[in-house]
1. Based on the Cβ-Cβ distance of Ser495 and Ser372, what FRET efficiency does E = 1/(1 + (r/R0)^6) give at R0 = 35 Å, to the nearest 0.05?
2. Suppose we keep just the DSSP beta bridges with both residues in the chain; what percent of those would be antiparallel, to 5?
3. For each pair in Lys215/Lys237; Lys204/Lys287; Lys287/Lys381; Lys215/Lys332; Lys287/Lys528, compute the distance between the two Cα atoms and list the pairs where it is over 27 Å.
4. For the pair Arg482 and Gln518, how long in nm is the line joining their label points, each one 7 Å along Cα→Cβ?
5. Could you tell me how many degrees, from 0 to 90 and to the nearest 10, lie between the Cα long axis of helix 94-116 and the main elongation axis, the longest principal axis, of the Cα atoms of the chain?
6. Among DSSP beta bridges whose residues both lie in segment 430-559, state the antiparallel percentage, nearest 5.
7. Would you kindly state how much longer the chain becomes between Leu260 and Leu411 on full extension, computed as 0.36 nm times their sequence separation minus their alpha carbon distance, in nm to one decimal?
8. Please find the FRET efficiency linking Ala198 to Val548, where r is the Cβ-Cβ separation and R0 is fixed at 56 Å, and quote it to the nearest 0.05.
Amino acid sequence: MKWPLPGWIRHYHARHLPHDAIASITLMVLLIPQGLAYALLAGMPPQAGLYASIFPALLYALAGSSATLSVGPAALPAMMTVITVSAVATPFTPAYFGLAAAVALLSGLLRLVLGVLRFGFMANLLSQPVVGGFIAGSAFMIILTQVPNLLGIPAHGDTAWLLLLDIARRLPMLSRDSLLLSLGAFVMVLLIRYGLQALLHALKTPASLGQLLVKTAPVIVMILATLVVRFGHLSVKTIGPLPQGWQGMALPDADWGLVLHMWPAILAIALLGFVDSFSIAQTLAIKRRENVSPDRELMALGLANMGAGLTGGFPVSASFGRSAANEMAGAKTQLAGVLAAFGMLAILLAGGNLFVYLPVCVLGVTIVMAVSQMLDGSLLKLSFRYDRRDAFVYLATLLMVLFIGVVQAILAGVVLSLALFIWRTSQPHLARLGRIPGTEHYRNVLRYQTETRPDILIIRVDENLYFANIRFVQASVIHFLRQHPKTRSLLLVLSSVNMLDVSALQGLQTLQAELQAQGVSLHLAEVKGPVMDKLQQSGFLDKLTGSVHLSIHAAVQALSHAEAPDFMI
């Protein structure tokens with residue numbers, strides 16, 4: 001299949017070039033600290049973060065549907081990588097590097113295949129409470145994993161509890177220089193983020209420019225920390241020299257038997273990476289009034305991850321911070337990402353010694369400050385106000401990320417969401433309707449002052465009908481009939497029913513037989529087209545004891561034999 005050139009290349013306007021060039025510089029400023037930091041978070045050498053910033057960005061630019069999405073190293077896939085691969089290999093070892101690259105390659109291949117098969121709808125499998133709880137739990141976990149770097153101690157742990165225990169056990173080994181440098185870096189970032197922002201506001205600097213300048217805080221702090229370590233002779237762990245050049249493309253040197261045993265985690269990385277990236281792409285598209293295709297995004301992210309795996313990187317996804325900064329800097333097309341990728345390549349080819357004195361603890365500060373923005377409690381507050389069952393799913397997912405594991409938390413979150421959905425829809429709301437006096441409108445008798453007829457029972461079903469709820473609907477209808485023994489015609493209003501399955505069809509047939517035995521005819525009203533097609537195809541309408549009516553009012557008129565209905569209040 002010939003892959004068509006993306007529209008931004010075929011229809012590129014020269015007037016966009018200055019905007020894309022400026023935005024590419026902004027992307028590079030953000031990519032350098034994030035690439036180095038997220039590589040360390042993923043258990044990879046620092047240069048792997050730079051590798052993961054080049055080829056994935058180029059491939060996404062050729063295949064993606066978003067004009068400003070920035071694909072590369074990100075916190076979530078980095079954390080999921082270290083949790084997944086560290087279960088079978090030791091981080092920062094050659095065997096680990098090969099396995100991490102293989103995970104990126106296979107998660108990308110999986111996404112590419114699913115995209116070709118048009119499985120973009122997978123973005124709908126994870127509810128917002130699950131995604132929100134997962135992101136919040138991951139943010140807490142990422143921050144905890146950086147505590148050892150901030151303190152200069154070698155602590156590890158697969159879960160939050162084990163990590164906290166190991167940190168407490170190794171506290172006597174704390175590095176005073178690392179702690180002081182970390183605290184100083186935190187203060188500097190906060191001063192730049194808030195002090196500089198206030199100063200720029202006072203100077204009436206345009207808001208967009210001010211926000212971009214504030215985003216350079218990590219780079220400024222990295223430069224200052226490097227100078228302090230270089231000339232202050234602090235005893236802290238540093239990045240050290242990076243190998244010059246680019247290793248090129250090659251299949252990962254990995255034990256593929258171990259890789260295949262990690263397939264549940266690889267599936268989780270692929271699914272979460274896609275959901276997170278597509279959500280960011282949608283947010284930017286709404287702002288720019290553009291369209292993004294879920295299937296195309298799935299394929300593009302697949303290619304990007306395959307590129308990362310073939311070039312010694314690790315799983316990548318979109319970054320909201322970089323993407324928003326890219327859009328804010330004025331990027332018009334993916335050329336901004338392409339130019340930034342070539343800039344990162346130039347740094348790899350010529351700048352290996354730039355990071356010799358860059359302290360690891362300051363990269364930890366960079367990660368903590370970036371990830372802390374993921375801790376947004378607004379969804380949890382909304383869930384508590386709207387439906388506490390969703391809040392329970394949110395909190396359960398969060399706690400499982402911290403104390404059980406990432407993959408288990410995702411699977412459990414999906415199961416909880418589906419179970420909650422089935423439970424909600426298994427007990428649908430049924431309303432008895434009456435006529436609003438003097439009108440043709442019919443409403444719930446418990447909410448409005450209405451007129452009703454003793455011989456006609458009007459019931460509205462407010463849910464799709466399927467195997468999980470048809471017995472509840474049958475039982476509810478029988479309950480209504482017991483309360484209204486004079487009923488001779490039951491009118492089911494199906495205006496809220498968009499589909500019914502075979503179980504529901506059989507349930508309606510059983511209900512009709514029971515009604516017929518009691519001398520009650522079954523009528524339908526406001527049946528939607530697709531549902532009507534299914535009912536006709538099944539032959540149910542041929543055996544219907546009553547009729548199908550266009551509206552409730554038309555049904556009542558027909559059942560009243562065109563006479564003025566003897567309504568009672």
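Each reported figure results from applying straightforward, stated rules to the coordinates on display, with no laboratory input. Since the model is a prediction, treat every value here as computed from it, not as a measurement. Glycine gets a Cβ as well: all are built from the backbone with ideal geometry, and neighbour counts include every protein chain shown.
1. Numbers: r = 47 Å, r/R0 = 1.35.
Given R0 = 35 Å and the Cβ-Cβ separation, E is 0.15.
2. On the way: 12 of 25 bridges.
Approximately 50 percent, going by the DSSP bridge assignments.
3. Working: Lys215/Lys237 25 Å; Lys204/Lys287 25 Å; Lys287/Lys381 25 Å; Lys215/Lys332 20 Å; Lys287/Lys528 34 Å.
In this structure, Lys287/Lys528 lie more than 27 Å apart at Cα.
4. 1.0
5. 30
6. Working: 8 of 21 bridges.
If I count the DSSP bridges inside segment 430-559, around 40 percent turn out antiparallel.
7. Values: separation 151, 0.36 × 151 = 54.36 nm, distance 1.85 nm.
Result: 52.5 nm gained on full extension.
8. Details: r = 67 Å, r/R0 = 1.20.
The value I calculate is 0.25.
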